[in-house]
Amino acid sequence: MRVGVVGGGLAGALLAWRLREASDRLRVEVLTGGRGTADASAVSGGLVRGFEPDPDAGAVAAESLAELRADARLRDWSGYREIGSLYVLSDDVDPARSVQVLGERLPGSAELVGAARLRRDYGLRGVREDAVGVVERHAGYLSPDRLRGKALDWSADHGVEVVRTGVASVRDGPAVRTSDGAERCYDVLVVAAGAWTPRLVEHGGTLRTKQIQYGVYRIPLPGLGSFVDDDTGLYGRPWGAGTFLLGLGCDRWDVAPEAVRPDPALVGRVLDVARDRLGVTARDPVPERVVASFDCYGPPAGLRLRPVRGRPGVFTFTGGSGGAVKTIVAASRSAASDLLNTL
Ligand SMILES: Cc1cc2nc3c(=O)[nH]c(=O)nc-3n(C[C@H](O)[C@H](O)[C@H](O)COP(=O)(O)OP(=O)(O)OC[C@H]3O[C@@H](n4cnc5c(N)ncnc54)[C@H](O)[C@@H]3O)c2cc1C
């Protein structure tokens, strides 16, 4: 059985690793690169936690985190740092079910906190009296770039062929035409090309791309670990030596990956929101680094294996929707298992 995987980002790399681990009867080939652009996995913020407002998404995130924490090899591959996490909910979300789901997978990790503790322990300002936050002990961040690199290296050492080439088109068969004009045929083909996926396969127009942007600011935020604040849209994590990664949601949809450029207005808005919400001012308003990248969005949000209608043997594994790092360990396991069931 020949399985082709287009894309060596987090999605393609971990799917190839899972397939190799699950079966040595498969001939797996990863075709990646050739675009000359850094991918999402190379610059991702890497925040991981088990809580999500949607309990189904939370179950996948919590399963991922539980496996990551329990597996020394995955911890090493990913450079996981457990620094805890705070998630401040918007006022229309009841966290009870999601916290229960998380507690089943990571017992004792989550705790609900109210407005007083959000102010006292985290220094948040402008907090609603009925505000709720979810604090997780077992959460933090990892390096998506390192994780996919290690998974690809391991896969290559165990018989997966990693071919550095661009795919120009996906053909029926299934097959691909590479950018040097060669044709490669498979029994099953999985397109895991992130924000480039909609160019290679149509999903009835449901897959979209969106810009994601953050900056690394010299800003004093002691005591704050990884955090997401759904009231303001601010998120971040410690970056290193007095610096903090801070981002806000970006509204640039349907971007072409190679055309993404930083939005300067957003760079400034992040500092305004950080000042109002966290009461801190950056030592230098110019960030040390600005990252403007992109991801492929669902619906539904989240990485999953989807058959492409009208193209037998062709699937996509994408749709990370700005959050695939926290679900990749469990999502790649499910995708490999679903794929093996189709063979
Ligand atoms: C700035 C930023 C911050 C983020 N922060 C977080 C976070 O804190 N927590 C979290 O959970 N998620 C986060 N995410 C989301 C997460 O990083 C992404 O969902 C994930 O990395 C997507 O991985 P991917 O493999 O689907 O896509 P990518 O990493 O973009 O990989 C796609 C791959 O396909 C290859 N490719 C494309 N076209 C072709 C072709 N035609 N032929 C061959 N190869 C091709 C590319 O070269 C690339 O290697 C963030 C994303 C961004 C951009």
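How much length is gained on full extension from Arg128 to Ala115, taking 0.36 nm per residue of separation minus their Cα-Cα distance?
Full-extension gain reported as 4.0 nm.
How far apart, in nm, are the 7 Å Cα→Cβ label points at Val286 and Glu21?
Result for the modelled spin labels: 4.5 nm.
For the chain, report the accessible area per residue in Å² (1.4 Å probe, heavy atoms, rounded to an integer).
43
With +1 on the Cβ of every Lys and Arg and -1 on the Cβ of every Asp and Glu, and nothing else charged, how large is the dipole of the range 58-123 about its Cα centre, in debye rounded to the nearest 20?
Here the size comes out at about 240 debye.
Round to the nearest 0.05 the FRET efficiency obtained for His158 and Arg218 when R0 = 35 Å and r is the Cβ-Cβ distance. Numbers along the way, then the final one.
Values: r = 43 Å, r/R0 = 1.23.
For R0 = 35 Å, the calculated efficiency reads 0.20.
Work out, step by step, the length gained on full extension between Thr342 and Arg73: first 0.36 nm times the residue separation, then minus their alpha carbon distance; give nm to one decimal.
94.0 nm
In whole percent, what relative contact order does the chain give with Cα contacts below 8 Å and a gap of six or more residues?
In percent, rounded to a whole number, it is 24.
Using the per-residue mean of other Cβ atoms lying within 10 Å as a proxy for protection, in what order, highest first, do the peptides 52-58, 260-266, 240-246 fall?
The peptides rank, most packed first, as 52-58, 240-246, 260-266.
What spacing in nm lies between the two simple spin-label points modelled at Ala259 and Glu202, each 7 Å away from Cα in the Cβ direction?
2.1
Mind checking the range 82-187 for trypsin sites (Lys or Arg not before Pro) that DSSP puts in a loop (not H, G, I, E or B) and that have at most 16 other Cβ atoms within 10 Å?
Numbers: sites: Arg97, Arg105, Arg117, Arg119, Arg120, Arg125, Arg128, Arg137, Arg146, Arg148, Lys150, Arg164, Arg171, Arg177, Arg184; in loops: Arg125, Arg128, Arg137.
Answer in residue order: Arg125, Arg128, Arg137.
Quick check: the distance between the Cα centres of the range 1-67 and the range 91-106, to the nearest angstrom?
About 25 Å separates the Cα centre of the range 1-67 from the one of the range 91-106.
Work out the FRET efficiency for Arg311 and Arg252 from their Cβ-Cβ distance, taking R0 = 35 Å, and round it to the nearest 0.05.
The formula returns an efficiency of 0.75 here.
Positive end of the dipole of the chain, charges at C-beta (+1 Lys, Arg; -1 Asp, Glu), about the Cα centre: which of Ala335, Val216, Gly108 has its Cα farthest in that direction?
Value: Val216.
Can you tell me the FRET efficiency between Asp172 and Met1 if r is taken as the Cβ-Cβ distance and R0 is 25 Å, rounded to the nearest 0.05? Could you put the intermediate results ahead of the total?
Details: r = 18 Å, r/R0 = 0.72.
That pair, Asp172 with Met1, gives E of 0.90.
The values are calculated or read from the model by the stated rules, or taken from the named source; none is laboratory data. Predicted model only: the values in this text are computed from it and were never measured. Cβ: placed from backbone, ideal geometry, glycine included. Neighbour counts: every protein chain shown. These area figures cover heavy atoms from the full protein model, side chains too; ligands, DNA and RNA do not enter into them. Shrake-Rupley method; radii C 1.70, N 1.55, O 1.52, S 1.80 Å.
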